[in-house]
Amino acid sequence: MKKTLLFLFFLGFAIVQAQEKVNFKKKKFYVPAVAYSQYPCLDNVLTVATIYQVDDELRAEEIKFKKKFFDINGYIKQPDAKLKIYVTIPVPKYQKTQADSTYDKETKAWKYFITSKYEVKINVQVKCVDKLIFLQDFDNSETDKLAGTYSKATLGKAIEETDRNIRSADANENFGIENVLEASMYRIQSLLNYKLGYGKTETKDKFEFLSSKEHSEYPKMLAFENELTQQIEKVTVENGFNAKALLPHLTYLESILTKYPQSEENEKIRFITANNLAQTYLLLENKEKALYYADVLIKNDKQTSRGTDIIDRVNKANFVANTVRSHTNRFLELKKLGFKIEEEKQDARIAFFEKIERQEVDWEQEKLNRTKFLGLINDRRNNILDSIAFQNNPDLLDKIVLGFGGSQAIKDIQKVHLLSTLNFEESNVPQSEEKWATPTNYLLRKKMPNNYYEVINGPEAWSFQDNGVGDKWKKLNNSDYWEISNNLDPINLLTSFRFDLWNKLELLPDETSDGRLCYHLSYTEKTVNAKNRVIPKTEYHYFIDKEKFNIVSSEKTEFEEGQRNSYERKVYQDYKGISNLNNGQIPHKILYEFEDYYGDTFYQEDRSKIEVNPVFSNRIFIKEVYAGGFR
């Protein structure tokens with residue numbers, strides 16, 4: 001009996017030891033995929049046509065609309081099409097002409113301009129092979145800004161004259177009608193692309209594979225790793241996974257979760273298994289099982305953001321009905337669109353060489369531009385805070401501002417001091433971070449593994465790194481300066497919310513982020529090259545909680561000459577009040593995901609100290625920023 005008990009003791013000890021030695025490696029796969037339409041009946045529809053019914057006074061506009069609208073992603077325009085978009089446009093109803101103003105700091109005077117307001121009604125019906133799939137009346141209130149500025153003395157007369165001219169003009173003479181109609185049509189086209197469009201895309205899927213060769217499960221898990229890798233290499237947008245080849249491996253992985261029940265010793269092996277099951281079923285477009293194992297991953301209480309990200313991806317996806325990772329033959333038949341793809345590639349190549357040919361910006365002129373910009377930052381922000389009712393989506397903006405403590409509390413911020421602890425996914429060694437900012441100066445200081453500084457001192461910007469290689473102080477380039485200068489706005493430093501982007505952000509259909517239903521705001525900054533080609537520069541997304549009106553997450557994608565260069569995502573959690581903000585709340589925990597040339601980086605920021613308008617200053621902040629000691 002004693003020998004039996006002794007044997008069981010050593011067996012149990014060996015199992016615990018084996019679990020403690022579980023090691024795993026990360027692999028990232030880029031899998032070609034299709035961004036599907038929301039409507040399954042469009043899976044095999046390749047052509048689109050738009051039929052207009054317009055008021056007789058808008059016949060000239062109809063010709064322009066047929067050239068500009070509607071370009072739906074993944075379709076070819078053809079008169080006899082299976083996807084038909086019917087658009088009914090009456091003459092926009094003129095409402096009134098009113099004044100607006102901005103403050104010019106240089107002349108220290110108000111500038112007045114005139115806007116005309118119209119009520120635009122557009123009815124859109126979408127039919128798929130004569131079946132109605134979408135119907136909506138778009139009732140928009142649009143404004144047309146007239147050219148020129150006015151003095152306060154001449155403003156009233158100009159408004160009366162403009163109002164009289166618009167009321168007496170017909171649709172062909174009233175250029176404001178053309179402007180407001182096009183503004184509405186562009187928004188409608190964006191919505192239709194969101195609902196109807198198809199596109200080639202690429203999903204990034206991260207797997208965790210067991211690397212402990214002494215572990216008893218290693219051989220079978222290695223077989224799954226090899227099979228999955230082989231299957232992913234064969235995937236194209238026309239041909240998907242061989243689900244039958246993966247089925248025995250998935251059955252084995254599911255048995256692992258039963259074999260190793262929830263416990264501290266089994267945490268790592270369960271994390272590996274649940275993560276791989278959730279990711280694989282997502283690739284196989286099995287919605288139910290992907291959601292189930294993502295929930296298991298969250299309950300395992302290790303890297304819970306992985307599970308919530310998978311759930312978000314599943315909820316956003318529009319999988320082809322009753323099909324497993326087989327994308328139909330639409331892209332084989334859409335080879336006719338090949339010339340468009342080649343044209344885009346040629347545009348990107350031309351833009352690259354044009355960049356090489358550009359001369360560097362004259363530094364003295366750049367310093368003047370930067371100094372002027374620093375003076376405008378607060379004025380622009382305060383102008384928005386003083387006139388929230390006149391901004392885009394004013395009700396939503398007002399609630400967001402109240403969440404930060406209100407307009408006056410935000411305007412009263414002159415200095416911010418942050419202390420944070422950073423925990424990186426790849427390392428158990430925490431790093432610390434300290435940030436100081438005023439409207440004209442900024443300092444970032446990082447400790448571990450090397451002392452690191454990022455400094456803005458007026459128009460100058462420098463970085464410092466004591467790693468023993470090269471010069472310690474380096475002057476930051478133009479793009480880095482403008483990127484860091486956003487931190488000169490204290491609210492951006494505290495919350496990543498940018499007032500200067502608000503009126504550019506477009507309100508898209510609601511989406512779920514980090515498990516919460518959110519308003520979705522988006523803006524794509526574009527640039528035009530010397531050949532008048534428009535290419536994307538930066539794409540922004542903000543997700544605002546529909547109940548609490550705080551920022552749930554933000555995303556930013558940067559492009560280099562039309563090609564994706566980097567991606568970052570932030571998830572804001574644990575909102576707490578700050579007394580200096582009149583009880584406004586800001587996040588105290590932020591989850592970061594970065595993807596750039598160097599690969600992927602994941603880390604968590606826990607803010608241990610936040611001061612608004614502190615009465616004392618950091619010694620380094622005074623020495624390095626105000627004194628400008630960059631040696």
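Summary of values
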read-out: Criterion violated by Ile535 - all others in (1) farther than 30 Å from Ala317 by Cβ; (2) more than 17 Å from the chain's Cα centre (by Cα) satisfied; value: (1)
read-out: Enumeration of residues in region 493-527 that are more than 19 Å from Phe390 (Cβ to Cβ) and acidic (Asp, Glu); value: Asp510, Glu511, Asp514, Glu525
read-out: Failed condition for Val87, given (1) in a strand (DSSP E or B); (2) modelled with pLDDT under 75; value: (2)
read-out: Selected residue [modelled with pLDDT of 85 or more and over 39 Å from the mean Cα position of the chain (by Cα)] from Pro219, Pro248; value: Pro219
read-out: Residue count, region 257-284 (criterion: assigned to a helix (DSSP H, G or I) and either at pLDDT below 85 or within 36 Å of the chain's Cα centre (by Cα) (or both)); value: 18
read-out: Qualifying residue in region 570-579 (condition: within 26 Å of Tyr186 (Cβ to Cβ) and among the β-branched types (Val, Ile, Thr)); value: no
read-out: Residues within region 558-586 that are more than 19 Å from Thr512 (Cα to Cα) and assigned to a strand (DSSP E or B), tallied; value: 14
read-out: Complete set of residues in region 198-214 that are more than 18 Å from Val314 (Cα to Cα) and among the small types (Gly, Ala, Ser); value: Ser211, Ser212
read-out: Qualifying positions in region 185-240 - exposed (fewer than 15 other Cβ atoms within 10 Å of the Cβ), more than 19 Å from Gly74 (Cα to Cα) and polar (S, T, N, Q); value: Ser216, Asn226, Thr229, Gln230
read-out: Of the criteria (1) outside any loop (DSSP other than H, G, I, E, B); (2) closer than 16 Å to Glu611 by Cα; (3) among the β-branched types (Val, Ile, Thr), which one Val455 fails; value: (2)
read-out: Hey, Ile413 touching a strand residue (DSSP E or B) at 6+ places or on another chain (Cβ under 7 Å), in a loop (DSSP other than H, G, I, E, B) and either under 30 Å from Gln365 (Cα atoms) or not aromatic (Phe, Trp, Tyr) (or both) or not; value: yes
read-out: Where a residue in region 260-289 is touching a residue at least 40 places away in the same chain (Cβ under 8 Å) and more than 25 Å from Ser212 (Cβ to Cβ) and its partner, wherever it lies, is part of a helix (DSSP H, G or I) and open to solvent by 20 Å² or more (accessible area, probe 1.4 Å), with Cβ under 6 Å and at least six apart; value: Leu284/Ala243
read-out: Hits in region 308-329 - residues which are more than 21 Å from Leu246 (Cβ to Cβ) and modelled with pLDDT of 75 or more; value: Thr308, Asp309, Ile311, Asp312, Asn315, Lys316
read-out: Given (1) at pLDDT 90 or above; (2) within 24 Å of the chain's Cα centre (by Cα), number of the condition Leu418 does not satisfy; value: (2)
read-out: Flag for Lys244 being in a helix (DSSP H, G or I), open to solvent by 30 Å² or more (accessible area, probe 1.4 Å) and of a type in the set (D, E, K, R); value: yes
read-out: Candidate set from region 285-307 (those that are in contact with a Leu (Cβ under 7 Å, 6 or more places away or on another chain) and open to solvent by less than 10 Å² (accessible area, probe 1.4 Å)); member that is modelled with the lowest pLDDT; value: Gly307
read-out: Residue within region 265-283 that is open to solvent by 20 Å² or more (accessible area, probe 1.4 Å) and among the β-branched types (Val, Ile, Thr) present; value: no
read-out: Residue in region 415-424 that is nearest to Ala437 (Cα to Cα), counting only those that are open to solvent by 30 Å² or more (accessible area, probe 1.4 Å) and polar (S, T, N, Q); value: Thr421
read-out: Members of region 179-218 that are among the aromatic types (Phe, Trp, Tyr) and in a strand (DSSP E or B); value: Phe207, Phe209
read-out: Which listed residue is of a type outside the set (S, T, N, Q), modelled with pLDDT of 85 or more and open to solvent by 40 Å² or more (accessible area, probe 1.4 Å), from Lys446, Lys435; value: Lys446
read-out: Number of the exception - Tyr567 against (1) farther than 23 Å from Gly406 by Cα; (2) touching a His at 6+ places or on another chain (Cβ under 9 Å); value: (2)
read-out: Members of region 490-548 that are more than 28 Å from Lys609 (Cβ to Cβ), touching a Leu at 6+ places or on another chain (Cβ under 9 Å) and part of a loop (DSSP other than H, G, I, E, B); value: Leu505, Lys546, Glu547
read-out: Members of region 387-414 found to be open to solvent by 40 Å² or more (accessible area, probe 1.4 Å) and either touching a His at 6+ places or on another chain (Cβ under 8 Å) or farther than 19 Å from Phe543 by Cα (or both), listed by number; value: Ala389, Phe390, Gln408, Lys411, Asp412, Gln414
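Listed here are the residues, each with its yes/no results for (1) under 29 Å from Ser305 (Cβ atoms); (2) in contact (Cβ under 8 Å) with a residue 24 or more places away in the chain; (3) under 27 Å from the mean Cα position of the chain (by Cα).
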| position | (1), (2), (3) |
| --- | --- |
| Gln391 | no, yes, yes |
| Ser407 | no, no, yes |
| Asn428 | yes, no, no |
| Pro439 | no, yes, yes |
| Asn457 | no, yes, no |
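Yes/no matrix, rows are residues, columns are (1) open to solvent by less than 30 Å² (accessible area, probe 1.4 Å); (2) modelled with pLDDT of 65 or more:
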| site | (1), (2) |
| --- | --- |
| Glu333 | no, no |
| Phe339 | no, no |
| Glu342 | no, no |
| Asp347 | no, yes |
| Arg358 | no, no |
| Ile384 | yes, yes |
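Condition check ((1) open to solvent by 20 Å² or more (accessible area, probe 1.4 Å); (2) in contact with a Phe, Trp or Tyr (Cβ under 7 Å, 6 or more places away or on another chain); (3) basic (Lys, Arg)) across all residues:
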site	(1), (2), (3)
Glu506	yes, yes, no
Cys518	no, yes, no
Asp545	no, no, no
Gly562	yes, no, no
Tyr567	yes, no, no
Tyr572	no, no, no
Tyr598	yes, no, no
Thr601	yes, yes, no
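The values are calculated or read from the model by the stated rules, or taken from the named source; none is laboratory data. Worth saying up front: this structure is predicted, and the values here are computed from it rather than measured. Virtual Cβ from ideal backbone geometry, glycine too; neighbours counted across all protein chains shown. In case anyone asks, the SASA skips ligands and DNA or RNA and just uses the protein heavy atoms, side chains included. Shrake-Rupley method; radii C 1.70, N 1.55, O 1.52, S 1.80 Å.
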